[in-house]
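Written out below as structure tokens is the structure these notes cover.
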């Protein structure tokens, strides 16, 4: 029976082939990245933070914007390198915890808001 939570990605459809990183060999570096990202994902979920996606290749975990306060309440003492960048109508907020970038998107606030 197929898992309804798993959606197969068809690279030829919406995503170009070159945009999808392919891993064919489990190197020591990739193994370390997987361990860090998976460990942090487990910690975040245990703290009630909603994890949306994770990318071991660039050590990044995206969380739901609504979980940002829970992230702060639980992990603020471990935050390193708080930063943000704005592109179009979204701001990508980022913090580092144990070498993993935790990121979430928020809408850009206009000056009159």
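The values are calculated or read from the model by the stated rules, or taken from the named source; none is laboratory data. Since this is a predicted model, take the numbers as computed values, not measurements. Methodologically, a virtual Cβ is constructed for each residue, glycine included, from the backbone with ideal geometry; neighbour enumeration extends over all protein chains shown.
Selection of the range 36-60 for residues being surrounded by 14 or more Cβ atoms within 10 Å (Cβ to Cβ), modelled with pLDDT of 95 or more and assigned to a loop (DSSP other than H, G, I, E, B) yields 49, 50.
Listed here are the residues, each with its yes/no results for (1) within 9 Å of the chain's Cα centre (by Cα); (2) assigned to a helix (DSSP H, G or I); (3) closer than 19 Å to residue 98 by Cβ; (4) at pLDDT below 90.
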position	(1), (2), (3), (4)
18	no, yes, no, yes
23	no, no, no, yes
26	no, no, no, yes
34	no, yes, yes, no
71	no, yes, yes, no
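Of the candidates 97, 63, the single residue that is within 26 Å of residue 30 (Cβ to Cβ), surrounded by 12 or more Cβ atoms within 10 Å (Cβ to Cβ), over 11 Å from the mean Cα position of the chain (by Cα) and free of Cβ contacts under 8 Å to residues at least 60 places away in the same chain is 97. Looking for something in a helix (DSSP H, G or I) and in contact with a strand residue (DSSP E or B) (Cβ under 7 Å, 6 or more places away or on another chain) - is there at least one such residue anywhere in the range 91-113? No, the range 91-113 contains no residue that is in a helix (DSSP H, G or I) and in contact with a strand residue (DSSP E or B) (Cβ under 7 Å, 6 or more places away or on another chain).
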